[in-house]
C-alpha cells in the first residue's frame, strides 16, 4: 500500500532581483497515516519552505520548480491548481509558529475554527459551531462555549496555539503539518501543547510532520527524523538510531551542540562557519566547508543520499567512518570549553 | 570567520524569507534624481536674470496675452503683457525661498520640544502634547490662513503662521523617537556613565532621533510651498506685483478657455518641485534604512 | 459592552481638545499687531468707532475675563456678531454649512473609491508594472495644489467635455449633486497620492499576513479568503489611513470651494477675510476644528467597530 504522503525530489526556487535562490534542492520524504515525522535543521535549511510547499502555501515569489507530491498514490502536482489545492488542504492541516499573527485579529476564534467545517465540509452554521466547540474541548481549552466568542488577543499564547491546532484539525485532515509550533512558547506550555498534539495523534490516528530546529522537541514527539542542511535531506531514519549513532557529520555536530542533561559533558561542539550561500551552486558536499571530517573527495563530488540498513539514509561519502567521529573530535582545536 | 553555535533552545528560529543583499551607497536613484531636479530648480531661480532678460513686473499692454513661442517671449505673456517665463523664474525665487525657510524654525522648535518632552516626560511633556493636540485639531491650511489674516499681510506673517502651526509635527515625531531611543542600551549606557543630561541629549540621542524629522521636513517643505501658493491664489500671499506661482494661477484662471497654459504652467512648476522633494524624501528613507 | 464604553471614553477625550481649540481661536485676536480695532477698521476710523469696537469685542476687559466671556457665549452657540452683515456668525455659518458638509462627504467617498482599489491592485501585483506605476505616479501628485487640480479638472471636464457645470451649486438637489461631483473629486484626488502610498503598504502587510496563510491552509477557496479575512483587515487600515489624513481633506475644502464658487463655509471665510470681518473668520476657524474633531471621532468609532483590539486600550 502506498504511504499517505510521498514527496519526491522537491525543488523550491525563489527568484530575486539579483539571481535565483535555490532554497530546497531535491527533498524526498514520506509520511504514513498516524505517523509522527520530524524535520530538523537550522534556519534557512529549507525545512519550513518544504512544509509550506506541501500545502501550496509558499510565500511570494517562491515556487516549486520541480518534483512530485504524491497523496494517496495520486501525483497531485499533475492536477489542475484548483483540484490540487482541494486535495492537499483536504488531507492536511497546518499549525504555524506565531499564533498571534496566524490568527485573524478581527475575527472571533470560534468562527475561525468553524470556518472550514462550514465552508469546506458543508455543515450548517449550528453544526459547524458545535464542531468548533468540540474541537476546542479536545485541544484542552477550558470553558470552550465562552472562549468561542473570544478574540485572539484576549487569549494567552498557549491557548492561542491550541486554537491554531483546532483550526488545523477542523477540516478533518489525516496529516498535520506543524512549523515550529512551540518555539514561541514558554517551556512548560511547550510541553502541554506537544502533549495535546501527541494525544490527538494517538486517539485519532492523525499523522504529523513536525518542523523544528529543536532536537529535544522532535525526539519527544516523533518516530522518524529527517535532518536537513542547505536545502537537502542529509540524513534520515528512526529517531533513536539517528540520535544514538548519527551517520552524517552535520547531525553529529547538531547533537553535540545541545547539552545532554543525562550525560554531563564539559564540552559543547560548535559548528564553525556559516551555511552556504544558496544563490550559488558549488561543487562538492555543501557541508564540506564546515565539516570536521571532510576529505578532498567531499569537495569535488556531490554526495548522493544512500540507503543504509535499518531504514536509514545518509548523504555523506565517509559515513562508514562515523563510529570513529566521537574519538576524533575529542582532541580537536575547534572544541570550545563551556 | 564567526563561529555559529547551533541550535540550542535559546537560538530563535528566524524566518525563511531570504533577505536581499544590502547595497550601501551614498546616493540611490531617487535621492540622486531628486537632488538633481531640486538643484536645477534652485539654479534656475538664482540665475533668473541670466536666463531671461525680461522684467517679471514690466507691463506692456500692447504685448498682452501672447501665446507661447512668441518672439522674445518663450512662454508667452499674461494679460498685462508680462513675460510668463520671467514670472515663473522670479516666482520660484519667492516660493522656494519662503518654502524652505519657513520650515527651518518649526524644525528647530519642534525638535527641541520633542526631545525635551520625550526625555523628561512629566508635566512639561503633558503640556506640550496638549498644545500639540489643540493645534492638530485644525486643518493646516485653515489655521495658517486665519493666522496670516490676523498677523497682517507680508512674508513675515507667512513665516510666523507656518511656524506656529508647523512645529507640532516635528515635536510629535521626535518625541515618539525619543521614547523608543530612551530605553535603548546606548542611551542607558550614556546615562549610567554619568554624562551631563544636555550632552546625552545632544551627542547620543539627537543624532538618532533627528533622521525621521529630516525625512519629514522634505514633505513639510512641499506643504509649506503649497501653503504659500494657496495664500497667493486666494490673494492673501506675497503682495502684487511680486510674481508668485499662486497668484499667477489665479490670474490665469479667468483666461482658462482661451489661454489655458497661463494657469497650467505655474501649477506644473509646483508639481515638479513637489516631485523633487518627494524623491529626496524617499531616497533618504531608503538610504537610512528607516521604517 | 466594550464598544459603548470605548465610544464614551473617546467622546470624553474630545472635550479637552475642543476646549483647547477655543483657546487658539480666542488668542487669534491678540496676534493682530497694534490695536486690533484700529487694524480692523483701518487708520481712518473715527475714535468713536474704535471705542465702540473695543467695547463690542470686550477688549477693554482683562484677558482672562475676555476668554471666559468668549467661552460662555460659545457654550450657548454664540460665536459673536458679524462686522459686515447684520447677522450672527452662527447663523451665517449654518446658512452655508450644507455645501461644505456635502463636499467633505463626497471627498471622503471619492477618496476611498479611488485609493482603495488602486492600493489593492498595486499590492496584489506587487513588483509588477501596475505596482510600479501606482507607486511612482503619486509622487507627481504630492506637490499638487488642490486648487490648481480643480482648475485643471474644470478645464477638462467642464469646459472641454461639458460634462459638469463650471462652478456653482444650483438650487435643486439634482443641481447640488451635479455641482458637487467635480469639487468632491478634486478634494479626493488631492489626497489620493498620500492615501494610495500608505494604503498600499498596509495592503501588502495584510496580504502577507500569517492569518491569510492560515485561511488559505483551511482550503476554503481564494474568494472566501479575500472576502472573509483580507477585506475586513484591509478596511481597518483604510479607516486608519483616512483618519490620519482627514484634517488635510477637510482643510482642502476651503480653497476648493473657492475654485468652484461653492457657497460653503470656506468661501465665507475667504470673503470675511477680504471684508476684514474678524468674528466670522474666528467662527469659521472654530467650525473647521469642530469638523476635524467630529470626523476623527467618527473614524475612531468605525475603527473600533472593525477592530476589536482597539476597544481594549
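Just a yes or no: is a residue in the range B:192-214 closer than 20 Å to residue B:57 by Cα and buried (at least 16 other Cβ atoms within 10 Å of the Cβ)?
Scanning the range B:192-214 turns up no residue that is closer than 20 Å to residue B:57 by Cα and buried (at least 16 other Cβ atoms within 10 Å of the Cβ).
Counting only residues that are part of a loop (DSSP other than H, G, I, E, B) and either more than 9 Å from chain C (Cβ to nearest Cβ) or at pLDDT 90 or above (or both), which one in the range B:138-162 is nearest to the chain's Cα centre (by Cα)?
Filtering the range B:138-162 for residues that are part of a loop (DSSP other than H, G, I, E, B) and either more than 9 Å from chain C (Cβ to nearest Cβ) or at pLDDT 90 or above (or both), the one nearest to the chain's Cα centre (by Cα) comes out as B:139.
Quick one: what pairs do we get from the range C:64-77, first residue on the phi > 0 side of the Ramachandran plot, second surrounded by 13 or more Cβ atoms within 10 Å (Cβ to Cβ) and assigned to a helix (DSSP H, G or I), C-beta under 6 Å, 6+ apart or different chains?
Going by the 6 Å Cβ cut-off, the qualifying pairs are C:77/C:90.
Can you pull out the residues in the range C:145-181 that are within 19 Å of residue C:108 (Cα to Cα), more than 14 Å from chain B (Cβ to nearest Cβ) and not in a loop (DSSP other than H, G, I, E, B)?
Hits for the range C:145-181 are C:176, C:177, C:178, C:179, C:180, C:181.
Mind listing just one residue for me: the one in the range A:96-113 that is closer than 15 Å to residue A:182 by Cα and out of contact with any helix residue (DSSP H, G or I) (no Cβ under 6 Å at 6 or more places or on another chain) and, of those, surrounded by the fewest Cβ atoms within 10 Å (Cβ to Cβ)?
A:100
Quick one: which residue in A:142, A:105 is in contact (Cβ under 8 Å) with a residue 12 or more places away in the chain, assigned by TED's automatic domain parsing to the domain that holds residue A:193 and more than 24 Å from the chain's Cα centre (by Cα)?
Numbers: A:142 fails: in contact (Cβ under 8 Å) with a residue 12 or more places away in the chain.
The unique qualifying residue is A:105.
Which one is farthest from the chain's Cα centre (by Cα) among residues in the range C:136-159 that are loosely packed, with under 15 Cβ neighbours inside 10 Å and under 11 Å from residue C:196 (Cα atoms)?
By that ranking, first place goes to C:136.
Looking at the range C:203-308, what helices (runs of 4 or more DSSP H) fall wholly within it and have at least 1 residues that are away from chain A (no Cβ under 14 Å)?
C:231-259, C:265-274, C:278-306
Within the range A:72-83, restricting attention to residues that are more than 18 Å from residue A:172 (Cα to Cα) and in a helix (DSSP H, G or I), which residue is farthest from the other protein chains (Cβ to nearest Cβ)?
Going through the qualifying residues, I end up with A:78.
Which residue, of B:98, B:104, B:174, is away from chain C (no Cβ under 11 Å), free of Cβ contacts under 8 Å to residues at least 60 places away in the same chain and within 18 Å of the chain's Cα centre (by Cα)?
Only one candidate qualifies: B:104.
List the helices (runs of 4 or more DSSP H) that sit entirely inside the range B:177-291 and contain at least 3 residues that are in contact with a helix residue (DSSP H, G or I) (Cβ under 7 Å, 6 or more places away or on another chain) and within 14 Å of chain C (Cβ to nearest Cβ).
B:206-234, B:245-253, B:261-288
Could you grab me the full set of residues in the range B:219-277 that are more than 17 Å from the chain's Cα centre (by Cα) and over 22 Å from residue C:260 (Cα atoms)?
Once the filter is applied, which keeps residues that are more than 17 Å from the chain's Cα centre (by Cα) and over 22 Å from residue C:260 (Cα atoms), the range B:219-277 yields B:238, B:239, B:240, B:241, B:242, B:243.
For the subset of the range C:208-246 comprising residues that are touching a residue at least 60 places away in the same chain (Cβ under 8 Å) and surrounded by fewer than 18 Cβ atoms within 10 Å (Cβ to Cβ), which member is farthest from residue C:139 (Cα to Cα)?
Only one residue fits best here, namely C:232.
Kindly indicate the residue of the range A:213-229 that is within 13 Å of chain B (Cβ to nearest Cβ) and under 19 Å from residue A:12 (Cα atoms) and also surrounded by the most Cβ atoms within 10 Å (Cβ to Cβ) among those meeting that condition.
A:227
Somewhere in the range A:43-65, is a residue in contact with a helix residue (DSSP H, G or I) (Cβ under 7 Å, 6 or more places away or on another chain), in a strand (DSSP E or B), buried (at least 23 other Cβ atoms within 10 Å of the Cβ) and in contact (Cβ under 8 Å) with a residue 40 or more places away in the chain?
no
The values are calculated or read from the model by the stated rules, or taken from the named source; none is laboratory data. Bear in mind that the values here come from a model prediction, so they are computed numbers and not experimental data. Neighbour counts run over all protein chains shown; Cβ positions are idealised from the backbone, glycine included.
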